[in-house]
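Peer 1: Please find one structure pasted underneath; my questions will follow.
Since every read-out is calculated from the coordinates, none of them should be taken as a lab result. These figures come from a predicted structure and were not determined experimentally. FYI the Cβ positions are ideal-geometry reconstructions off the backbone, even for glycines, and counts take in every protein chain you see.
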Amino acid sequence: MKNIFVGLLIAFAVITSAHAESYSNTTKIDVPEYNVYKNWHGWEHKVGGTKNDVVGSNINVTGSSGTITDLNVTINGINSKAFVDMVFVLVGPNNTSVVLSSNAGGANEKSWIPTPSVDLTFDDEANSQLPYSTSFNQSENEYPLLNDGSYQTSKYEMGSYYINKGQYSVLDPVADGFFGDPGNFATENTLAAFDGIAANGNWQLLAFDNYATDATFYNGWSLDITTNGSSGGNTAVPEPAEWALIILACAGIIALKLHQRRVCAL
């Protein structure tokens, strides 16, 4: 019986050594439109946006132990007439930066109907990146709108739509330092860049609208962090899947011990 008890403790410790912790900020964020002004001729574009147009939202992680083994980010309730204009950057407490999305998705300028609200999760294990268009012609097929789902980080270069009107947009706000020191950006633009660091500290989601005459807002965001330490976040007990593994492990140990006793009895 003592051996069974010890085995159960070992199985429990091994299975629950990784913990998922969830943190969120539910504040609605309005992203300022790219600088424009209006005169009697209609809409006229200024020459460029500025670093002051970058808007940030914070999540302060506390009570976590160990280091990160996996991290996912969800941006909730995104509403945008032209998501392709948007750049989203995640900055960790160690100042490492990763581009979640830039120049991805499309616009709906032909009909000027806002893109439906979507929830986007960025996950290295997702099957694909966000859709991307390089031409932006006046055809419905050239405007890949967004759907709820999980996607890999999606950093794209500007398409011909922007290149032809480059005087109206910042061609590379990352390189131009709009989101801080360009040297802080991960060489491999994946969320795995945060693996191995402590989760505690201030996390920032930065957003910038890189073209005029559209509007974007989102309804908060969240971090799902898995660490190799004891849980200190918002999920202090094992998930249902972890409980199932624990039960199976316990049943296996008990069955093995019962089998050993039968063999000895024979």
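Peer 1: Would you mind getting me the FRET efficiency between ASN25 and VAL55? Use the beta-carbon distance for r and R0 = 22 Å, nearest 0.05.
Peer 2: 0.95
Peer 1: What FRET efficiency would be calculated for the residue pair ASN219, THR187, taking the C-beta separation as r and a Förster radius of 45 Å, to the nearest 0.05?
Peer 2: Numbers: r = 32 Å, r/R0 = 0.71.
Efficiency, rounded to the nearest 0.05: 0.90.
Peer 1: Amide H neighbours of ALA215 under 5 Å, counting only residues 5+ apart in sequence or on other chains, H built in-plane at 1.01 Å?
Peer 2: Amide H to amide H, under 5 Å and 5 or more residues apart or across chains, ALA215 pairs with LYS81, ALA82.
Peer 1: Further question on the same structure: What ranking do 218-226, 50-58 get when scored by the average of other Cβ atoms within 10 Å per residue, highest first? Provide the component values of the computation, followed by the final result.
Peer 2: On the way: 218-226: 20.2, 50-58: 14.3.
Taking the mean over residues of other Cβ atoms within 10 Å, the ranking is 218-226, 50-58.
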